[in-house]
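Structure record follows, encoded as structure tokens.
Values in this text are rule-based calculations from the coordinates and carry no lab data. Quick caveat: nothing in here was measured; it's all calculated off a predicted structure. All Cβ positions, glycine included, derive from the backbone under ideal geometry; neighbour counts span all protein chains shown.
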Amino acid sequence: MHFEFNVEGGNFSKAGTASSQLKKILKQLNVDPKVIKRVVVALYEAEVNIVAHAYNGVIYIDIDTEKIEIKLIDEGPGIADIELAMQQGYSTASPEVREMGFGAGMGLPNIKNNTDELRVTSEVGKGTTVEMITYLNG
């Protein structure tokens, strides 16, 4: 199964749409609730990162009998230091984003904690790609 979602940067009213849709799909497929929770948390965090930091992005979701693969590609400022960005509490979020309750610097650490495999690549001035895999029997 393949799904695709477009994400608009700055549109916090729609943040979480893809993760909500994925949750419904996984429940219909009778996926283990623990796996659903992990996948939905990771996707929500990644989705909010696009909304908070990028101009726009696309989320690609592939589900098979063994795993859920999610790839998020955004057009934005990129991440200058991925290792630093992976540290809890590190954030480049604007004051406006922080005032809305986002940008606490827990996004990437939460994604890492809720996926089995994570790869983040970024080019400053172009954007970021986040690839995550969660195994259904993990």
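Please tell me the relative contact order of the chain in percent, rounded to the nearest whole number, where contacts are Cα pairs under 8 Å and at least six residues apart. Could you put the intermediate results ahead of the total?
Details: 275 pairs, mean separation 38.3, N = 138.
Answer for the chain is 28 percent.
If you consider only alpha-carbon coordinates, what radius of gyration and Dmax does the chain have, in Å?
Cα radius of gyration and Dmax of the chain are 14.1, 42 Å respectively.
Estimate the FRET efficiency between GLU69 and GLU99 by the formula 1/(1 + (r/R0)^6), using the beta-carbon distance for r and 25 Å for R0, to the nearest 0.05.
Given R0 = 25 Å and the Cβ-Cβ separation, E is 0.15.
Relative to the longest principal axis of the chain, what angle (0 to 90°, nearest 10) does the C-alpha long axis of helix 17-28 take?
Here the helix axis deviates by roughly 10 degrees.
What whole number of Å gives the distance from the Cα centroid of the range 86-138 to the Cα centroid of the range 47-64?
Computed from Cα coordinates, the inter-centre distance equals 11 Å.
Treating only the Cβ of Lys, Arg, Asp and Glu as charged (+1, +1, -1, -1), what charge dipole size does the chain show about its Cα centre? Round to the nearest 20 debye. Don't skip to the end; give the middle numbers.
Values: 13 positive and 19 negative charges, 103 e Å.
Dipole of the chain, to the nearest 20 debye: 500 debye.
With angles folded into 0 to 90 degrees, how steeply does helix 33-53 sit against the dominant principal axis of the chain? Use alpha carbons for both and round to 10.
Relative to the chain, helix 33-53 is tipped by roughly 30 degrees.
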